[in-house]
Amino acid sequence: MDTIIELIDVHKSFNTKQVLRGLNLKILRGESMVVVGGSGSGKSVLMKIVIGLLKPDMGKVIVEGEEINKLSGRNLNNFRKKFGMLFQGGALFDSLSVWENVGFALLEHTDLSKEEIRAKASEKLDMVGLQGIEDLMPSELSGGMKKRVALARAIAMEPDILLYDEPTTGLDPIMADVINELILHMKKSLNISSLTITHDMKSAYKIADRMAMLFEGRIIQVGIPEKLQITSNPIVYQFITGSARGPITDKNYQR
Amino acid sequence: MKIKEKLTSTDQKGKRSILEDIGRFFYTFLSEAGEIFILLCQAFFWLFRAPLKWKITLKQMGEVGVNSVPVTLITATFTGMVLALQSYIGFKRFNAETMVGTVVALSMVRELGPVLTGLIVAGRAGSEMAAELGTMKVTEQIDALYTLAVDPIHYLIVPRILAGIIMLPVLTILADFIGIAGGYLLSIKVLKANPVIYMRRTFDHMELSDIYIGLLKSSCFGLIISTVGCHKGLSTEGGAEGVGKATTGAVVLSSMLILISDYILTALLF
Ligand SMILES: Nc1ncnc2c1ncn2[C@@H]1O[C@H](COP(=O)(O)OP(=O)(O)OP(=O)(O)O)[C@@H](O)[C@H]1O
Ligand SMILES: [Mg+2]
């Protein structure tokens, strides 16, 4: 399998705050990569760097052989058609109805008729477990519904690469599993490569081909979920077992 | 000795911080002016690079134009009336009351129509643009547009700037007309002027150039209002507080720029 996304020595800081400090990560074609890490460790920043919303201060991001930081304007815009992205906060357009949100890229980039797009939007909404809400406005939805509408929008164009920022946060356990199944389905039936960020370990083990842990601006371990579960790295161990005591919370720990 | 040392050091410190403040002010002013200019250039390129978003442009024309009609009407009526009243009081002192019509018409068409409409629309529509785009920015909707391969300049900014340029002159024509009508009604009904003479005075000294200089000015004001509103919106940072700041910032900056450019344009065009 070839590499679809490669991050090489990526650095990013905001003002004086260093968020990423030499991050390296490879995602293979057709693979589902899950990144875990503490709150505020820079996972969402990582995702925005992959799709070119943020520029790294240093280092390279290579997607399908092209260096994304070297693209600009229209080329970058077109390049982004390869991606679908689910934002952590949903980021639905609140001036558009639910079906217009889901069908947004289709409305903008295809010549399909309104009826066809609406039908496609309904189909995607059905995939995330939502029916009969096509004409509602985003402000009329619950938090979990917004998240799922945003997910439907991300998958609407059936892109090559999907970026999911905490897809199951804020959902009930059954709906969370529906979303897990959906992510697996997207991967298997359409051979989509994906990068998922999550805090939900159950979901991570279910959807991950490989998992990576982000800590202090670097990926400290990558591997198949089974390998991470029996890790000898105390930091990774503390994180995936979700324990309050360990090197992450111990200020005196020597790294 | 020690006290003297202390004094000089605070003195230097005081001086430096004033210089620093001035420097910082000019720095932010210039960099903001630069950003606005770049935004304008980008919008200009997108205007020719891709087909215009007609539906959104029409919607924005409604937001800027149609929704501003009531406030424009009220402002223009009272401005016309107060102009008539004031110039009547003044001209009566040297028996030139018949000139009231001329003064009302020329002031409305050349100056007050465009400027007052500009200021009112800056407060109504400019702030609305900044608030809407600012909210989109802080809730990552602008980022979401990028990820869907849609450029926000093309999708959001071009329609708003066009709406400003097109709708401000339309509102100004309305304001001119209503202002003159307000002055006319006040003069005839309250000040008992002769309607025929008043009408003649109104139109005798007006030239076509007066009207289109006014409209040209208002078009520039429309450009200022929407470009500043969009810029403030897109550069919003930091949640609800940031949106509030962007909104006030847009109104203050565009009002200032309207008054400054009003002087420059008037001096240049006449
Ligand atoms: N636009 C920005 N400006 C300034 N600082 C930022 C910006 N975006 C992120 N940060 C900072 O970068 C750090 C990482 O943020 P990020 O959103 O990537 O965290 P995260 O790992 O996604 O956390 P969570 O799991 O809570 O979502 C945070 O400390 C945040 O303050
Ligand atoms: Mg995050």
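The values are calculated or read from the model by the stated rules, or taken from the named source; none is laboratory data. A quick note: this is a predicted structure, and the numbers were derived from the prediction, not measured. Cβ: placed from backbone, ideal geometry, glycine included. Neighbour counts: every protein chain shown. Just the protein is used for accessible areas: all its heavy atoms, side chains included, with ligands, DNA and RNA removed. Shrake-Rupley method; radii C 1.70, N 1.55, O 1.52, S 1.80 Å.
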Next on the checklist: Longer than 26 Å from Cα to Cα, which of A:55/A:114; A:187/A:227; A:188/B:137; A:124/A:187; A:55/A:124; B:55/B:232 are they? Say none if no pair is.
Outcome noted: A:55/A:114; A:188/B:137; A:55/A:124
Item to check | residue B:270 paired with residue A:18, simple spin-label distance in nm, labels 7 Å along Cα-to-beta-carbon | outcome: 6.4
Checklist entry - Dipole of segment B:140-245 (Lys/Arg Cβ +1, Asp/Glu Cβ -1, origin at the Cα centre): which of B:164, B:196, B:230 lies farthest to the positive side? => result B:196
Next on the checklist: Check which residues have an amide H placed less than 5 Å from residue A:162's amide H, if you skip close sequence neighbours.
Outcome noted: A:84, A:193, A:194, A:195
Checklist outcome for this item: Between the residues B:250, B:88, B:60, the Cα farthest towards the positive end of the dipole of chain B, that dipole coming from +1 and -1 charges on the beta-carbon of Lys, Arg, Asp and Glu, is from B:88
Item to check | Nearest-0.05 FRET efficiency for residue A:115 and residue A:172, computed from C-beta distance (R0 25 Å) | outcome: 0.15
Next on the checklist: Taking the Cα of residue B:216, stepping 7 Å toward and past its beta carbon, and measuring to each backbone N in segment B:236-270: which are under 16 Å?
Outcome noted: B:261-270
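Which of the DSSP-defined H helices in chain B satisfy a minimum axial length of 27 Å, computed from C-alpha atoms, and a minimum mean Kyte-Doolittle hydropathy of 0.0?
B:2-49, B:69-92, B:158-185, B:208-234, B:239-269
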Next on the checklist: Charges at C-beta only: +1 for Lys and Arg, -1 for Asp and Glu. How large is the resulting dipole of segment B:51-269 about its Cα centre, in Debye rounded to 20?
Outcome noted: 640
Item to check | Efficiency of FRET from Cβ geometry, residue A:95 and residue A:123, R₀ 25 Å, rounded to 0.05 | outcome: 0.60
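At R0 = 35 Å, how high is the FRET efficiency between residue A:78 and residue A:243 if r is their beta carbon distance? Nearest 0.05 is fine. Could the numbers behind the result be given before it?
On the way: r = 46 Å, r/R0 = 1.31.
The computed FRET efficiency comes out at 0.15.
For peptide B:147-158, how many partner chain Cβ atoms fall within 10 Å of a residue's Cβ, on average? Kindly include the intermediate steps, with their values, before the conclusion.
On the way: counts 17, 18, 14, 7, 4, 0, 0, 2, 1, 0, 0, 0.
Shielding by partners across B:147-158 averages 5.
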Checklist entry - If you take the charge dipole of the protein assembly as shown about its Cα centre, with +1 on Lys and Arg Cβ and -1 on Asp and Glu Cβ, which of A:104, B:215, B:69 is farthest toward its positive end? => result B:215
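Fully extended, how many nm does the chain gain between residue B:263 and residue B:54 (0.36 nm per residue separation, minus their Cα-Cα distance)? Before the final figure, lay out the partial values.
Numbers: separation 209, 0.36 × 209 = 75.24 nm, distance 3.37 nm.
Value of the extension gain: 71.9 nm.
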Checklist entry - In terms of Cα to Cα distance under 29 Å, which lysines are near enough to residue B:192, apart from those fewer than 8 places away along the same chain? => result B:92
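Span-like helices, chain A: DSSP H, alpha-carbon axial extent 18 Å or more, mean Kyte-Doolittle 0.0 or greater, which ones?
Values: long enough: A:114-127 (20 Å, -1.23); A:143-155 (19 Å, 0.17); A:173-190 (25 Å, 0.60).
Both cut-offs are met by A:143-155, A:173-190.
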Item to check | Proximal aspartates and glutamates to residue A:202, defined as alpha-carbon separation beneath 14 angstrom and excluding residues fewer than eight positions away on the same chain | outcome: A:166, A:172, A:177, A:181, A:226
Next on the checklist: Using a 7 Å offset from Cα along Cα-Cβ at residue A:216, what residues in segment A:5-33 end up with backbone N under 18 Å from the label point?
Outcome noted: A:9-13, A:17-24
Next on the checklist: How many Å² of accessible surface get buried when B and A come together, counting both sides, probe radius 1.4 Å, rounded to the nearest 100?
Outcome noted: 1800
Item to check | Eligible aspartates and glutamates near residue A:17 by straight Cα distance, threshold 14 Å, same-chain separation 8 or greater | outcome: A:57, A:216
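Which whole-number percent gives the relative contact order of chain A, counting Cα pairs below 8 Å spaced six or more residues apart?
Working: 456 pairs, mean separation 62.3, N = 255.
Normalised by residue count, the contact order of chain A is 24 percent.
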Next on the checklist: Using 10 Å bins from zero, what percent of all Cα-Cα pairs in the protein assembly as shown falls into each bin?
Outcome noted: 4, 15, 21, 19, 15, 11, 8, 5, 2, 0, 0
Checklist entry - Where the Cα atoms of segment B:138-270 are projected onto their three principal axes, how long is each span, largest first, in whole Å? => result 65, 28, 26
Checklist outcome for this item: Residue span residue B:252 to residue B:86: 0.36 nm per residue of separation minus Cα-Cα distance leaves a gain in nm of 56.9 nm
Next on the checklist: With the crude spin-label approximation of a point 7 Å out along Cα→Cβ, what separation in nm comes out for residue B:18 versus residue B:177?
Outcome noted: 5.5
